[in-house]
Amino acid sequence: MVIAVGAKTDVGLKRSHNEDNLCVAADLGLYVVCDGMGGRNAGEVASRLAVETIQKHFQAARDNADLPLSGDYDRQFSATTNRLASAIRLANHAIRTEAKEHTSQEGMGTTVVSAALNGPVLSIAHVGDSRMYLIRGESIAPLTADHSLVAEQVRRGMLTEEEAERSPQKNIITRALGVDETVDVELDEIPLMQGDGVLLCSDGLTRGVSPAQILDAIRREKEPQGASDRLVELANAAGGLDNTTVILVVIQDMASQGPWQRAWKWLLS
Amino acid sequence: MAKIFLKFNEQVLKEIPLEGPQLTIGRKPDNDLVIDNPAVSGHHARVVKEEGGFFVEDLGSTNGTFLNDVKVQKQKLKNTDRVSIGKHSLIFQDEVAPPPPPPPPPKESESDKTMILDTAKQKELMKALGTVKTAAVAAKEEKVGWLTVVTGDADKKEYELTGRLNVIGKEDTATIKLTGWLAPKNAAMLSRRGPAYFISMPEGAKKITVNDEAVQGQRELQDGDIIVVAGVHFQFSLKGPGK
């Protein structure tokens, strides 16, 4: 399978710190975006701890297939998806432990959106309002539903999407890492197809840039890195109120190449 | 509890809780609040509790009752209203303490800062929002897809598709395990999106057909569809859970 990845994080125009963190570990098939929050620099600490903990757990699981899971195994999902949930639960624990040791970091937290690729299967896990989108052909579709107050209100039919966009409460999230002893991680998995793009982003992008604009930018740029840079530019052009982080993973060739195919390609080149 | 503060020359003389259905005010001693002053009539006015709140009512006084400097007959009282009777004033304080002033608007760069609801607040809010079916509960009520083997080699006769993603193939993790000698590792994938099921073929997989039509990319399955994957014939059906 051939994939191409672009990633970019930017402080934006109004903030002094970048509290977002990301992880691109193509060897593990792991991609993570975290948007931290909390006083002083605690938001940065929380989001960094989260990406580091998740990546470490994946590395450890690659080296040891019997590595225990944190939390129960959900039979609805594959082993990789369960591993992702486990890693996020550990990240929650790591943040809480750190916050207990340093009073200045009390109350810090972070969102997380993460993708793990295992062959053609995309594992999806998220907590909070960082999002994932699937770009397939000429369409863009959300793969996650925000854990935010306004999103809950939309789901209950109390607000329309447009009202939610304008709501002063749109920055209130209902789930995050670091808040509670346990964390409810929302999971999903889908089969990917050749040419699919998977976008992970913090709310700095989605606050100012519509899905249609995102799709347009990705379709115009040839390479995922160029598209990632462009998306951050768009977020800043829309005000740059928040930190913006994007990871774009594009499935360029789905086929796993056997030795004969590789030989054939080599002969042709 | 709502209260009346009796003031004279900006001095609070008395604090009267509004307990009963009414509070009569006048010069005569049979009033609830006696103001011994020649400018005050014998039975001057009263504060009465009615549906919707407290009202001040003039009882035909000689010099009149004024609410915030306007002469009134009967008028509803708002928090901090001032009722003037002669040279005395009555300040009305409503039942609920006034809400604390809203926090000053945060600086521009802070206004978009993400906030987390703590657990207690969250539960409270969710309660206030009312309940919706959680995905798990909704899923229980939804129909579940089943695959029944019509002809061909597989490890079972029937499969309940409870997982989000079900692989048909020879690989160990496949839900629907093909046992034929030449069966591919991953021949097809069935994914569940809400109540719907889709079949898709992994890149490089051999042909899959649904009702004799070759699948391109992915296709939504309907109750009764006949699926052929790597020579094995399945029938897809939607049933209530556990049936």
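The values are calculated or read from the model by the stated rules, or taken from the named source; none is laboratory data. For clarity, every value in this text was computed on a predicted model and none was experimentally measured. Neighbour counts are summed over all protein chains in view; Cβ atoms, including those assigned to glycine, are modelled from backbone coordinates with ideal geometry.
Which members of region A:77-105 meet the condition of being over 16 Å from A:Asn118 (Cβ atoms) and surrounded by 15 or more Cβ atoms within 10 Å (Cβ to Cβ)?
Result: A:Ile88, A:Arg89, A:Leu90, A:Ala91, A:Asn92, A:His93, A:Ala94, A:Ile95, A:Arg96, A:Glu98, A:Ala99, A:Gln105.
Out of the residues in region A:154-195 that are surrounded by fewer than 19 Cβ atoms within 10 Å (Cβ to Cβ) and of a type in the set (S, T, N, Q), state the one that is farthest from the other protein chains (Cβ to nearest Cβ).
That would be A:Thr160.
So which residues in region B:147-162 are in a loop (DSSP other than H, G, I, E, B) and crowded, with 19+ Cβ neighbours inside 10 Å?
Hit for region B:147-162 is B:Leu161, nothing else.
Return the total of residues in region A:223-239 being among the small types (Gly, Ala, Ser) and surrounded by fewer than 22 Cβ atoms within 10 Å (Cβ to Cβ).
The number of residues fulfilling the criteria is 4.
Taking the residues in region A:140-152 that are in a strand (DSSP E or B) and within 11 Å of chain B (Cβ to nearest Cβ) as candidates, determine which candidate is surrounded by the fewest Cβ atoms within 10 Å (Cβ to Cβ).
The selected residue is A:Ala141.
If we scan region A:23-46, do we find a residue that is assigned to a strand (DSSP E or B), of a type in the set (D, E, K, R) and away from every other protein chain (no Cβ under 14 Å)?
The answer is no, given that none of the residues of region A:23-46 is assigned to a strand (DSSP E or B), of a type in the set (D, E, K, R) and away from every other protein chain (no Cβ under 14 Å).
So which of A:Arg62, A:Arg89 ends up being away from chain B (no Cβ under 14 Å), in a helix (DSSP H, G or I) and touching a residue at least 60 places away in the same chain (Cβ under 8 Å)?
One residue alone meets the criteria, A:Arg89.
For region A:204-269, which fully contained helices (runs of 4 or more DSSP H) count at least 2 residues that are modelled with pLDDT of 95 or more?
Once the helices (runs of 4 or more DSSP H) in region A:204-269 are filtered for at least 2 residues that are modelled with pLDDT of 95 or more, what remains is A:211-220, A:224-237.
Would you confirm whether any residue within region A:30-42 is among the acidic types (Asp, Glu) and over 13 Å from the mean Cα position of the chain (by Cα)?
No, region A:30-42 has no match at all.
Which residues, taken from region A:92-117, are outside any helix (DSSP H, G or I) and either among the β-branched types (Val, Ile, Thr) or within 30 Å of B:Ser200 (Cα to Cα) (or both)?
Residues satisfying the conditions are A:Thr110, A:Thr111, A:Val112, A:Val113, A:Ser114, A:Ala115, A:Ala116, A:Leu117.
Picking from A:Val51, A:Val5, A:Val32, A:Val24, which residue would you name as being at pLDDT 95 or above and farther than 19 Å from A:Thr81 by Cα?
A:Val5
Working only within region A:118-139, note down all residues that are at pLDDT 95 or above and assigned to a strand (DSSP E or B).
Across region A:118-139, the qualifying residues are A:Leu122, A:Ser123, A:Ile124, A:Ala125, A:His126, A:Val127, A:Arg131, A:Met132, A:Tyr133, A:Leu134, A:Ile135.
With the checklist (1) modelled with pLDDT of 90 or more; (2) loosely packed, with under 15 Cβ neighbours inside 10 Å; (3) within 16 Å of B:Ile91 (Cα to Cα) in hand, flag the one item B:Gln11 doesn't pass.
(1)
Count, please, the residues in region B:211-243 that happen to be in contact with a Ser or Thr (Cβ under 6 Å, 6 or more places away or on another chain) and part of a loop (DSSP other than H, G, I, E, B).
1
I need the full set of residues from region B:8-40 which are farther than 24 Å from B:Gly53 by Cβ and part of a loop (DSSP other than H, G, I, E, B), in order please.
Answer for region B:8-40, where residues must be farther than 24 Å from B:Gly53 by Cβ and part of a loop (DSSP other than H, G, I, E, B): B:Asn9, B:Glu10, B:Arg27, B:Lys28, B:Pro29, B:Asp30, B:Asp36, B:Asn37, B:Pro38, B:Ala39, B:Val40.
Of the residues B:Gly240, B:Gly224, which is free of Cβ contacts under 8 Å to residues at least 40 places away in the same chain, over 30 Å from A:Ile3 (Cβ atoms) and either of a type in the set (Lys, Arg) or away from chain A (no Cβ under 14 Å) (or both)?
Only one candidate qualifies: B:Gly224.
Can you name the condition, by its number, that B:Phe198 falls short on among (1) within 13 Å of another protein chain (Cβ to nearest Cβ); (2) modelled with pLDDT under 90?
Single failed check for B:Phe198: (2).
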